[in-house]
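Visitor: Here it is: the structure, laid out below.
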Amino acid sequence: MIVGGHFWGGLGLLGLTLGRILALRNWKVALMAVIAVGGFSGYLLGREQQINRRQLPIDANQSVNVALRIQPDAVVLRGAAYYLVAQNVQTGEWMSVRGYAKSAVELHALQRLQQPQIWQVAGQQQGILPATNVNQFDAAAYWRHRGIVKSLKITTVNQRSPATSHWYQWFNDWWHVRRAQLIQYCDQLPGALRIYALGLFPGSRAAETANELQGMQQLGLLHLFAISGLHVALLLTALEWVCVHLKIPREHWEWLTLLSLPGYFILAGSNSGVLRACLMRGRTG
């Protein structure tokens with residue numbers, strides 16, 4: 001909270017937490033808390049300094065040629081336009097990327113991505129414009145919280161090739177591929193079922209979602225798509241029910257559930273509601 005812009009609120013909560021720990025009069029717990037706070041503070045400070053070094057002036061507009069690593073579920077299509085978050089292969093930096101499919105063949109290929117890819121692209125790189133009016137959505141602050149301070153408008157895609165998955169990328173890539181397959185499956189469902197399935201299971205927002213919000217509210221389903229992450233709890237409860245009736249020992253399926261939560265976090269869209277639900281389930285496991 002302190003780093004995210006709520007300095008006094010975060011400082012007050014931090015002081016309250018540390019005071020509660022000191023009230024335990026257990027020096028081991030207090031020492032662990034101080035080490036944890038110091039380590040996490042150092043990480044956040046280093047992250048902020050790194051972001052500041054990468055940040056571009058708002059009026060900067062640079063022509064660049066870069067290689068981007070693309071996850072198959074990252075591409076969001078809106079007509080012929082596409083949006084995604086990609087990683088610069090040379091620097092490891094994450095960027096907000098947008099572009100336009102220039103043919104029906106390219107559009108179809110984007111809809112059917114199945115594996116991580118490397119794109120060699122040319123485009124215009126610039127900073128992200130902050131809010132210019134009171135109470136306007138602040139895109140610059142939103143992306144900065146995710147460690148992103150640059151946007152790239154692709155003008156030309158020179159080459160697309162499959163990406164190599166190193167050992168430290170295998171787990172992440174495997175789940176992103178599964179999510180891409182799930183999105184493509186849900187996208188073939190009929191009518192409103194397609195919109196509900198995309199929102200609940202892979203956490204993807206269809207273009208028609210806004211038109212369906214009124215119907216969701218009337219049916220009492222809107223809370224399932226909100227920040228609560230209730231659908232995660234329902235799915236995990238159903239999994240537990242199946243394991244219990246299959247007479248699998250509790251300690252086995254508890255460990256299975258706990259170890260699968262990071263993968264499910266990716267599969268369900270990696271939003272804040274899913275993160276909170278996964279952390280709560282891991283804590284009670």
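The values are calculated or read from the model by the stated rules, or taken from the named source; none is laboratory data. As the structure is a computational prediction, the values presented were derived from the model and not from experiment. FYI the Cβ positions are ideal-geometry reconstructions off the backbone, even for glycines, and counts take in every protein chain you see. All accessible areas refer to the heavy atoms of the entire protein, side chains included, with ligands and DNA or RNA removed. Shrake-Rupley method; radii C 1.70, N 1.55, O 1.52, S 1.80 Å.
Visitor: If I filter segment 60-69 for residues that are open to solvent by 20 Å² or more (accessible area, probe 1.4 Å) and in contact with a helix residue (DSSP H, G or I) (Cβ under 7 Å, 6 or more places away or on another chain), do I get at least one hit?
Guide: No - not one qualifying residue is present in segment 60-69.
Visitor: Next question, about the same structure. Restricting to segment 12-29, give me the number of residues that are open to solvent by 90 Å² or more (accessible area, probe 1.4 Å) and more than 22 Å from Met1 (Cβ to Cβ).
Guide: 4
Visitor: Would you mention how many residues in segment 256-281 are free of Cβ contacts under 8 Å to residues at least 24 places away in the same chain and farther than 23 Å from Gly199 by Cα?
Guide: Count: 2.
Visitor: Sort out which residues of segment 163-194 are surrounded by 11 or more Cβ atoms within 10 Å (Cβ to Cβ) and hydroxyl-bearing (Ser, Thr, Tyr), and write them in order of number.
Guide: Ser165, Tyr185
Visitor: I've got another one for you. May I ask you to list the residues in segment 102-121 that are among the hydrophobic types (A, V, I, L, M, F, W, C) and open to solvent by less than 20 Å² (accessible area, probe 1.4 Å)?
Guide: As a first pass, look at segment 102-121 and keep what is among the hydrophobic types (A, V, I, L, M, F, W, C): 104-105, 107, 109-110, 113, 118-119, 121.
Leu110, Leu113, Trp119, Val121, listed by residue number.
Visitor: Quick one: would you say Ile2 is open to solvent by 90 Å² or more (accessible area, probe 1.4 Å) and farther than 29 Å from Trp174 by Cα?
Guide: For Ile2, the condition - open to solvent by 90 Å² or more (accessible area, probe 1.4 Å) and farther than 29 Å from Trp174 by Cα - is not met.
Visitor: Any chance you could count how many residues in segment 63-79 are over 17 Å from Asp187 (Cα atoms) and not polar (S, T, N, Q)?
Guide: Summing the residues that are over 17 Å from Asp187 (Cα atoms) and not polar (S, T, N, Q) in segment 63-79 gives 6.
Visitor: A further question on this structure: What single numbered condition from (1) open to solvent by 30 Å² or more (accessible area, probe 1.4 Å); (2) modelled with pLDDT under 90; (3) of a type in the set (A, V, I, L, M, F, W, C); (4) over 30 Å from Arg179 (Cβ atoms) fails to hold for Ile35?
Guide: Going through (1) open to solvent by 30 Å² or more (accessible area, probe 1.4 Å); (2) modelled with pLDDT under 90; (3) of a type in the set (A, V, I, L, M, F, W, C); (4) over 30 Å from Arg179 (Cβ atoms) one by one, Ile35 breaks only (2).
Visitor: Let me ask another. Can you run down the residue pairs with Cβ atoms below 7 Å, 6 or more apart or on separate chains, where the first is in segment 105-131 and within 26 Å of Thr164 (Cα to Cα) and the partner is in a helix (DSSP H, G or I) and hydrophobic (A, V, I, L, M, F, W, C)?
Guide: Short answer, once both residue conditions are applied: Leu113/Ala180; Gln114/Val177; Gln114/Ala180; Gln115/Val177.
Visitor: Say we look at segment 245-267 and pick out the residues that are in a helix (DSSP H, G or I), aliphatic (A, V, I, L, M) and modelled with pLDDT of 85 or more; which of these is farthest from the chain's Cα centre (by Cα)? Steps first, answer last, please.
Guide: Here is the first cut: in segment 245-267, the residues in a helix (DSSP H, G or I) are 245, 250-267.
Remaining after also requiring aliphatic (A, V, I, L, M): 256, 258-259, 261, 266-267.
Then keep just the ones that are modelled with pLDDT of 85 or more; that gives 266-267.
Details: Ile266: 7, Leu267: 10 Å.
Top of the filtered list is Leu267.
Visitor: Is there a residue being modelled with pLDDT under 90 and touching a Gly at 6+ places or on another chain (Cβ under 9 Å) anywhere in segment 74-92?
Guide: The answer is no; no qualifying residue exists.
Visitor: May I pose another question? Does Arg160 satisfy the condition of being modelled with pLDDT of 90 or more, open to solvent by less than 50 Å² (accessible area, probe 1.4 Å) and among the charged types (D, E, K, R)?
Guide: no
Visitor: On the basis of being more than 19 Å from Ser272 (Cα to Cα) and modelled with pLDDT under 75, does Ala207 make the cut?
Guide: yes
Visitor: Among all residue pairs at least 6 apart or on different chains, which show Cβ distances below 8 Å where the first residue, located in segment 146-175, is more than 20 Å from Glu93 (Cα to Cα) and in contact (Cβ under 8 Å) with a residue 40 or more places away in the chain and the second is loosely packed, with under 10 Cβ neighbours inside 10 Å and of a type outside the set (Ser, Thr, Tyr)?
Guide: Note: no pairs meet the criteria.
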